[in-house]
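Remarks on the structure that follows.
The values are calculated or read from the model by the stated rules, or taken from the named source; none is laboratory data. Note that the coordinates shown come from a computational prediction; the quantities given were computed from them, not determined experimentally. When we count neighbours, we look across all protein chains shown, and the Cβ atoms used for this are built from the backbone with ideal geometry, even at glycine.
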Amino acid sequence: MLKGLFILDDFNLIYGSVHEEIKKYIDVYAEPQTKESIQQNPALLADTEVIFSGWGCPVLDDNLLMAAPHLKALFYGAGSIKHITTDAFWERGIPITSAFAANAVPVVEYTLSQILFSLKQGWSYVLKTKKEQKHIKKMEVPGAYHSTVGIVSLGMIGRKVCEILKQFDVHVIAYDPFVSKEDAEKLQVELCSLEELFQRSDVVSLHTPWIKETVGLINGELISLMKHNATLINTSRGAVVNEQEMIEVLKLRSDLFAVLDVTYPEPPIDGSPLFTMDNVILTPHIAGSLSQECQRMGEYMLDELKLYLQGKPLQWEITREKALIMA
């Protein structure tokens, strides 16, 4: 039986429902550790062959790898692994798998809720009702019948949003320069330029990974192209939006709404106009897994463990190349 450890901030949050089953396959020879405790006692890693982790995983650098000479695999029960992997780790050729697909599920759910609510101009009604303390006269809204939803980037989350939108009577257009026309047709999506997407969409939803090429991709010029009463939703990364230019456009276009689950910096700086603008909705990065939803990530890692022990390919293994383009 392989020897392993749990190393993460909150063991129960992710592995609370599956750790007993994991122990049927793995000799977990010490209590769950944190990044801090393992740094204080690196000798615990001497016999470790597999690590189960998540938020709070220690950086997989030379020091950790030297302390864990027998490490064979790492199961990361969270999303992006960019901040924990190093050149030294990749050079060791240790397989690493991530629960990013599990974390995508609540993001898609959040996105769908905001797309449908925004097509009804829901936030405008909510805020005006509170401000004026009376029922607001109904206005013209796009609605979810023959309206247009624009999806920026067709990665895992963007594709899942497109799949779930198939059950609604909306037209979906998308921008992703790396997606073929054939793939778009399978998703029932019309590909177009970024400029055309912002011009035509009643709601624009961003699912762009944060890489060098996408910093500030969504600028004021694009946002100014948006239709009357359109909404911008961002659940990807705040840095893909030029925040100052967005703010300037939203000040001039009170008809536009921005629903921002992410900002850059995050949280916004003290005194940021985002906190007080009437056409900006802020949520504190809640689209991803929270509370009980995090158990799904642990379950994905249990499934990956079973594949690993059977010598089968890991479904959610992350390669060095894939890690570079993940959000």
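Just name the residue that is farthest from the chain's Cα centre (by Cα) out of those in the range 9-27 that are surrounded by 20 or more Cβ atoms within 10 Å (Cβ to Cβ) and not in a helix (DSSP H, G or I).
The qualifying residue farthest from the chain's Cα centre (by Cα) is Ile26.
Please go through the range 119-162 and give me each residue that is without any contact (Cβ under 8 Å) to a residue 40 or more places away in the chain and within 18 Å of the chain's Cα centre (by Cα), ordered by number.
Correct list: Arg159, Cys162.
Report those helices (runs of 4 or more DSSP H) wholly inside the range 57-120 carrying at least 2 residues which are buried (at least 19 other Cβ atoms within 10 Å of the Cβ), modelled with pLDDT of 95 or more and not polar (S, T, N, Q). Explain how you work it out, then say what you get.
Numbers: elements: 62-67, 87-92, 100-119.
Where helices (runs of 4 or more DSSP H) fall fully within the range 57-120 and carry at least 2 residues being buried (at least 19 other Cβ atoms within 10 Å of the Cβ), modelled with pLDDT of 95 or more and not polar (S, T, N, Q), they are 100-119.
Residues that are modelled with pLDDT of 95 or more, assigned to a helix (DSSP H, G or I), of a type outside the set (Val, Ile, Thr) and at negative phi: does the range 136-159 have at least one?
Yes - at least one qualifying residue is present in the range 136-159.
State all residues of the range 269-289 that are touching a strand residue (DSSP E or B) at 6+ places or on another chain (Cβ under 6 Å) and not in a loop (DSSP other than H, G, I, E, B); if no residue qualifies, say none.
Leu274, Val280, Ile281, Leu282
Within the range 226-240, which residues are more than 13 Å from Gly150 (Cβ to Cβ) and in contact with a Phe, Trp or Tyr (Cβ under 9 Å, 6 or more places away or on another chain)?
Selection gives Asn229, Thr235, Ser236, Arg237, Gly238, Ala239, Val240.
Of the residues Glu248, Glu196, Glu266, only one is surrounded by fewer than 20 Cβ atoms within 10 Å (Cβ to Cβ), modelled with pLDDT of 95 or more and within 19 Å of Leu154 (Cβ to Cβ); which?
Step by step, each of Glu248, Glu196, Glu266 is checked, and only Glu196 is surrounded by fewer than 20 Cβ atoms within 10 Å (Cβ to Cβ), modelled with pLDDT of 95 or more and within 19 Å of Leu154 (Cβ to Cβ).
State whether one or more residues within the range 298-311 are crowded, with 17+ Cβ neighbours inside 10 Å, part of a loop (DSSP other than H, G, I, E, B) and not assigned by TED's automatic domain parsing to the domain that holds Asn219.
No, every residue in the range 298-311 fails to be crowded, with 17+ Cβ neighbours inside 10 Å, part of a loop (DSSP other than H, G, I, E, B) and not assigned by TED's automatic domain parsing to the domain that holds Asn219.
What's the number of the only condition in (1) in contact with a Phe, Trp or Tyr (Cβ under 6 Å, 6 or more places away or on another chain); (2) basic (Lys, Arg); (3) under 30 Å from Ser236 (Cβ atoms) that Lys35 fails to meet?
Of the numbered conditions (1) in contact with a Phe, Trp or Tyr (Cβ under 6 Å, 6 or more places away or on another chain); (2) basic (Lys, Arg); (3) under 30 Å from Ser236 (Cβ atoms), the odd one out for Lys35 is (1).
Considering the range 199-231 alone, what residues qualify as being farther than 15 Å from Gly155 by Cα and of a type in the set (Gly, Ala, Ser)?
Ser201, Gly216, Gly220, Ser224, Ala230
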